[in-house]
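Reviewing the structure listed below.
Since every read-out is calculated from the coordinates, none of them should be taken as a lab result. Source: prediction; values computed, not measured. FYI the Cβ positions are ideal-geometry reconstructions off the backbone, even for glycines, and counts take in every protein chain you see.
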Amino acid sequence: MIVVFGSLNMDLVFRVEALPSPGETRLCPGYDSAVGGKGANQAAAAARAGGDCRMVGCIGADGFGDRVARELAACGVDIDGVARVGRPTGCAAVIVDANGENQIAVASGANLEARAEAVADDWLRAASTLLLQLEVPAEENWRLLQRARERGLRVVLNAAPAATIPAKVARHIDVLVVNEHEARTLLQDDAADDAANARALAATTGGACIVTRGGAGALAAHPDGMLDIGALPVDVVDSTGAGDAFVGALAAALDAGQKLAPALRQASVAGALACTLPGALPSLPTRRAILAALDRLPPARSL
């Protein structure tokens, strides 16, 4: 089982011809709404990719919260750990341009109330993977991570949005997932290339570090070497949620006992397929869709 501790949001999506520059206003005909938040997206992605997944986090006692809970449950996610709190449900403003690139601003709301103690000891004993992101209070993540390691769980951290990871925490992370920007931010180094960054971050954890690179695929540094995973060619409609699809599918594959290389191939396919439909949660591919497209992606290469 996968326990996901993280954020739950409602996304409001605005589609424009070009992303606005600082101080610029861009008009669009309307907007869409969709369930989001990295925690919710990754839980849904893991469940749709075939994982047994439980979500732990907070929503408000409002209509947005009602919809988040309903749609997560419809994806097959166990929502017994999702609590109602006094703050409003988190909300994200997502601006997407004609090429599928996006800008996102997030109001945390109820996510600020997420607490590690909401994860029951029994849930950790029943799980083999803990999946974390950085959209809830950091100290709550670190408390839960320590409990998970004491019980022998695999810990997967998507360090997004980028923030400092204490050294005492980093060494307990089995799989660290970042994009190119997040890798540079964590290392405070804009000069090194993606491979060097993956190796440097893997050295801080002693586990695997995966740097996702959009249309260029991903690089994974691990104790036995380096893997280069390609990207499935697709017609990009909206890249929102692609990173979360990658992380959720990766967690599901690892939790099912797959080795890193085949798990990364499934994750890469999931991330690409998520770009072919608008929105975050609505675009997350099923296990059947991932497996059907898997033969179109070359095997991972050792570097």
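How charged is the neighbourhood of S268? Take every other residue with its Cβ under 12 Å from the Cβ of S268, and add Lys/Arg as +1 and Asp/Glu as -1. Combined, the nearby Lys, Arg, Asp and Glu give +2.
Antiparallel beta bridges, as assigned by DSSP with both residues in the chain, represent about 40 percent of the total such bridges.
Within the listed set S268, S33, S108, the residue fluctuating most in the Gaussian network model of the chain (springs between alpha-carbon atoms under 10 angstrom) is S33. 3J(HN,Hα) couplings calculated from phi for the range 80-87 with the Karplus curve 6.51 cos²θ - 1.76 cosθ + 1.60 (θ = phi - 60°) are, in sequence order, 4, x, 8, 9, 8, 10, x, 6 Hz; Gly and Pro show x. Report the longest stretch of the chain that contains none of the GluC sites (Glu not before Pro) sitting in a DSSP loop with at most 11 other Cβ atoms within 10 Å. After excluding every exposed loop site, the longest remaining stretch is 25-303.
Scanning the chain for DSSP H helices at least 27 Å long along the axis (C-alpha atoms) with a Kyte-Doolittle mean no lower than 1.6 picks out nothing. Considering only T205, T25, T164, the Gaussian network model of the chain with Cα springs below 10 Å gives its largest mean-square fluctuation to T25. For the chain, the equivalent ellipsoid derived from the Cα gyration tensor has semi-axes of 26, 24, 19 Å, listed largest first.
Sparsely packed loop sites in the range 228-303 (the trypsin sites (Lys or Arg not before Pro) outside DSSP H, G, I, E and B with at most 10 other Cβ atoms within 10 Å) comprise K259.
Among the trypsin sites (Lys or Arg not before Pro) found in the range 92-165, those both in a DSSP coil and sparsely packed, with 14 or fewer other Cβ atoms within 10 Å of their Cβ, are R151. Other residues within the sphere of radius under 9 Å centred on the Cβ of V211, judged by their own Cβ, net out at -2 (K and R +1, D and E -1).
Here is how the number arises for the chain: DSSP H runs of 4 or more residues each give -39500 (n - 2.57), the sum is divided by the residue count, and the result at 222 nm is -10000 deg cm²/dmol. Classify the range 225-303: rounded, prolate or oblate, from the alpha-carbon gyration tensor (a ≥ b ≥ c, eigenvalue square roots; a/c under 1.5 rounded; otherwise prolate if a/b is larger than b/c)? Since a/c reaches 1.5 and a/b is larger than b/c, the shape of the range 225-303 is classed as prolate. Suppose every K and R has +1 on its Cβ and every D and E has -1 on its Cβ; what is the size of the dipole of the chain about the Cα centre, in Debye to the nearest 20? Dipole size: approximately 720 debye. Dipole check for the range 1-126: with +1 at the C-beta of Lys and Arg, -1 at the C-beta of Asp and Glu, and the Cα centre as origin, the magnitude is about 80 Debye.
The alpha carbons of the range 97-249 occupy a box of 44, 38, 29 Å along the principal axes, longest dimension given first.
When all alpha carbon pairs of the range 16-127 are counted in 5 Å bins from zero, the resulting P(r) reads 2, 11, 19, 19, 17, 14, 9, 6, 3, 1, 0 %. For the chain, modelled as a GNM whose springs connect Cα atoms under 10 angstrom apart, the maximal fluctuation among L250, L134, L284 occurs at L134.
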